[in-house]
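My questions will all concern the structure given below.
FYI, it's all coordinate maths here, none of it is from the lab. The model shown is predicted, which means the values in this text are computed figures rather than measured ones. Cβ sites come from the backbone with ideal geometry, for glycine too, and all protein chains shown count toward neighbours.
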Amino acid sequence: PSYGMKTTLPVAMDEAETRVRAALAAEGFGVLTEIDVSATLQAKLGVDFRPYRILGACAPPLAHQALSEEIDIGLLLPCNVVVYQGETPDETVVAALDPEIQLGVTGRDDIAPLAREVRARMERVLEAL
């Protein structure tokens with residue numbers, strides 16, 4: 001999508017998620033939040049949905065810098081990374097919201113360099129998978 005970056009891996013979801021977490025850690029991100037979308041849809045709606053997880057990734061130094069520059073930027077944090085089953089169980093899609101678009105909604109030019117740094121890290125995460 002135009003608002004994100006993604007890659008498709010020829011591995012099952014559990015393997016892909018393990019790789020994603022390792023690649024995020026290598027770039028200084030920790031996973032603060034986890035949402036199992038498929039389990040939630042099953043529990044709340046009785047709907048079967050392909051395995052789908054949203055990981056909320058955060059690099060504390062970058063988050064601190066962003067929050068110090070604009071306290072309400074927490075509305076745009078953490079960075080969402082989605083991991084979901086592709087067309088077959090042996091295919092997994094990993095996508096991340098483009099941090100430049102995400103933080104660009106602030107309209108602040110002084111935050112652009114930070115957004116570029118986060119984007120570069122996310123690009124490296126996807127390339128490392």
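Which whole-angstrom value gives the distance between the alpha carbon centres of the range 88-116 and the range 40-70?
Using only Cα atoms to place each centre, the spacing works out to 13 Å.
Across the range 112-121, in residue order, what do the Karplus-derived ³J(HN,Hα) couplings come to in whole Hz, using 6.51 cos²θ - 1.76 cosθ + 1.60 with θ = phi - 60° and x for Gly and Pro?
Working through the residues one at a time gives 4, x, 5, 4, 5, 5, 5, 4, 4, 5 Hz.
Further question: Can you tell me how much longer the chain between Asn80 and Tyr3 gets when fully stretched, taken as 0.36 nm per residue apart minus their C-alpha distance, in nm with one decimal?
26.5 nm
Charges at C-beta only: +1 for Lys and Arg, -1 for Asp and Glu. How large is the resulting dipole of the chain about its Cα centre, in Debye rounded to 20?
So the magnitude is around 80 debye.
Divide by every residue of the chain the summed helix terms, -39500 (n - 2.57) for each DSSP H run of at least 4, and state the resulting mean residue ellipticity at 222 nm, rounded to the nearest 500 deg cm²/dmol.
Computed ellipticity for the chain at 222 nm equals -13000 deg cm²/dmol.
State, to one decimal in nm², a quarter of the convex hull surface area for the C-alpha atoms of the chain, i.e. the direction-averaged projected area.
Hull-based average projected area comes out at 8.1 nm².
About its Cα centre, how strong a charge dipole does the range 1-53 have in debye, to the nearest 20, once Lys and Arg get +1 and Asp and Glu get -1 at the Cβ?
Value, rounded to 20: 140 debye.
Reported to two decimal places, what Rg/Rh ratio describes the range 44-100 when computed on Cα atoms with Rh from the Kirkwood expression?
A ratio of 1.14.
Sequence-distant or interchain residues sharing an amide H contact under 5 Å with Ala59, placed H: which?
Gly30
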